[in-house]
Amino acid sequence: MELPTGSTPLETALLAKLDEDKAQDIVLIDLKGKSPMSDTMIVASGRSHRHVSALADHLLRTLKEHGFGKAKVEGLPHCDWVLIDAGDVIVHLFRPEVRTFYNIEKIWAVDAAHRTARN
């Protein structure tokens, strides 16, 4: 997977883990100057509830292993949509049909140039 120029170590670790775990349609959204909540948003899909749960679990372990601290997590019991707030990076993990329904990329007007290789 080709990382965007200027990726932070946190973004790099999270994107690499998502790619390794076969997350689908990974999108990196630059929020700098657009939102005070975070610098970056990553959106990705898992194939099933179980896959979304595993992706979330592995990202939380990656954060801990790389010394990025403990993240806030929402949505783990159902795993339709899991949000991981790692401070400078917010990760949204969806099942495909839930992602299509909410279409949060459209809110941030994401273009194809921000998409990673795994689609």
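The values are calculated or read from the model by the stated rules, or taken from the named source; none is laboratory data. Note that the coordinates shown come from a computational prediction; the quantities given were computed from them, not determined experimentally. Cβ sites come from the backbone with ideal geometry, for glycine too, and all protein chains shown count toward neighbours. Ligands, DNA and RNA are excluded from the accessible area calculation, which covers all protein heavy atoms including side chains. Shrake-Rupley method; radii C 1.70, N 1.55, O 1.52, S 1.80 Å.
Scanning the stretch 84-98 for residues that are crowded, with 17+ Cβ neighbours inside 10 Å and in contact with a Leu (Cβ under 9 Å, 6 or more places away or on another chain) returns 84, 86, 89, 90, 91, 92, 93. Restricting attention to the stretch 71-109, the residues that are modelled with pLDDT of 95 or more, within 16 Å of residue 47 (Cα to Cα) and aliphatic (A, V, I, L, M) total 3. Hey, any hits in the stretch 53-62 for a residue that's without any contact (Cβ under 8 Å) to a residue 24 or more places away in the chain and either touching a Phe, Trp or Tyr at 6+ places or on another chain (Cβ under 6 Å) or β-branched (Val, Ile, Thr) (or both)? No, the stretch 53-62 contains no residue that is without any contact (Cβ under 8 Å) to a residue 24 or more places away in the chain and either touching a Phe, Trp or Tyr at 6+ places or on another chain (Cβ under 6 Å) or β-branched (Val, Ile, Thr) (or both). What are the residues in the stretch 69-112 that are part of a loop (DSSP other than H, G, I, E, B), out of contact with any Ser or Thr (no Cβ under 8 Å at 6 or more places or on another chain) and among the basic types (Lys, Arg), if any? Across the stretch 69-112, the qualifying residue is only 70. Among the residues of the stretch 72-82, those that are in contact with a helix residue (DSSP H, G or I) (Cβ under 9 Å, 6 or more places away or on another chain) and open to solvent by 20 Å² or more (accessible area, probe 1.4 Å) comprise 73, 75, 76, 78, 80, 81. Any residue that is closer than 18 Å to residue 20 by Cα and hydroxyl-bearing (Ser, Thr, Tyr) - is there at least one of those in the stretch 87-108? Looking for residues that are closer than 18 Å to residue 20 by Cα and hydroxyl-bearing (Ser, Thr, Tyr), one finds none in the stretch 87-108, hence no. As an exercise: evaluate residue 32 against (1) of a type in the set (D, E, K, R); (2) without any contact (Cβ under 8 Å) to a residue 24 or more places away in the chain; (3) not in a loop (DSSP other than H, G, I, E, B) and give the number of the one condition it does not meet. With (1) of a type in the set (D, E, K, R); (2) without any contact (Cβ under 8 Å) to a residue 24 or more places away in the chain; (3) not in a loop (DSSP other than H, G, I, E, B) applied to residue 32, the lone miss is (3). For the stretch 35-68, filtered to residues that are assigned to a loop (DSSP other than H, G, I, E, B) and farther than 14 Å from residue 90 by Cβ, the residue that is least open to solvent (accessible area, probe 1.4 Å) is 46.
Summed over the stretch 26-59, the residues that are at pLDDT below 95 and of a type in the set (D, E, K, R) give a count of 4.
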